[in-house]
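Written below as structure tokens is the structure these notes are about.
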Amino acid sequence: NAGVMQNPRHLVRRRGQEARLRCSPMKGHSHVYWYRQLPEEGLKFMVYLQKENIIDESGMPKERFSAEFPKEGPSILRIQQVVRGDSAAYFCASSLGRQATQRIQYFGAGTRLSVL
Amino acid sequence: DQQVKQNSPSLSVQEGRISILNCDYTNSMFDYFLWYKKYPAEGPTFLISISSIKDKNEDGRFTVFLNKSAKHLSLHIVPSQPGDSAVYFCAASGTGNQFYFGTGTSLTVIP
């Protein structure tokens, strides 16, 4: 299983710095999703992308957060001017499609962001 | 607004017995439901899913039951094994693009 690869696994940033989280989907998957998990909470949807397109960013904070999935290379979740409240585990998932069992999302191991 | 709820934060079961994890949802437009298992410091791993056109789906020791009228689904694990100890999340999806996740139930299987 050439699974969903996320890096880095752990990221430490000081307040005001930028955080870049990378996600390579499973081979053959062109649908990528980002989720955030705060302590003691479930996973919260942030954004859904297909190659070169943001399909749904309804869960993404309006400021400081952005995501992309370029034609070549991994998907990037970018957080500018991080604050302590951004400390969380960020998970990326990918799926084959949007129909029937193709919509099963497979998750990476996550990036744990700590903001000092 | 929590559209998917797992009201039991934790559950302990003896090895060999049945584990039943429950999940409730509020949105009648959800048509696909999944269970994920998560170990600490790892991502969620897909376990089993069910479409709203079915009321039961079985895969080995895992069975998911769906009661659409009650907006309730459950995951049965039988027999439970110590390696099943993990956090279990249910998720639901409709015509939109996202999965809605519950807050998880931590299962401990006691040897």
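For segment A:17-48, the tally of residues that are out of contact with any Pro (no Cβ under 8 Å at 6 or more places or on another chain), in contact (Cβ under 8 Å) with a residue 12 or more places away in the chain and charged (D, E, K, R) stands at 5.
Which members of segment A:71-111 meet the condition of being among the charged types (D, E, K, R) and either more than 14 Å from chain B (Cβ to nearest Cβ) or crowded, with 19+ Cβ neighbours inside 10 Å (or both)?
Residues satisfying the conditions are A:71, A:72, A:78, A:84, A:86.
As a summary of the residue check, residue B:34 satisfies the conditions (1) without any contact (Cβ under 8 Å) to a residue 12 or more places away in the chain; (2) surrounded by 13 or more Cβ atoms within 10 Å (Cβ to Cβ) except for the one numbered (1).
A single member of B:109, B:87 is buried (at least 18 other Cβ atoms within 10 Å of the Cβ), touching a strand residue (DSSP E or B) at 6+ places or on another chain (Cβ under 9 Å), away from chain A (no Cβ under 11 Å) and over 17 Å from residue B:24 (Cβ atoms), and it is B:109.
Would you please name the residue that is farthest from the other protein chains (Cβ to nearest Cβ), looking only at residues in segment A:39-70 that are exposed (fewer than 13 other Cβ atoms within 10 Å of the Cβ) and modelled with pLDDT under 90? Filtering segment A:39-70 for residues that are exposed (fewer than 13 other Cβ atoms within 10 Å of the Cβ) and modelled with pLDDT under 90, the one farthest from the other protein chains (Cβ to nearest Cβ) comes out as A:52. Among the residues of segment B:85-103, those that are under 13 Å from the mean Cα position of the chain (by Cα) and either among the small types (Gly, Ala, Ser) or not in a strand (DSSP E or B) (or both) comprise B:86, B:91, B:92, B:102, B:103.
The values are calculated or read from the model by the stated rules, or taken from the named source; none is laboratory data. Keep in mind that this is a model prediction, so the values were computed, not measured. A quick note on method: Cβ atoms are made from the backbone with ideal geometry, for glycine too, and the neighbour counts reach across all protein chains shown.
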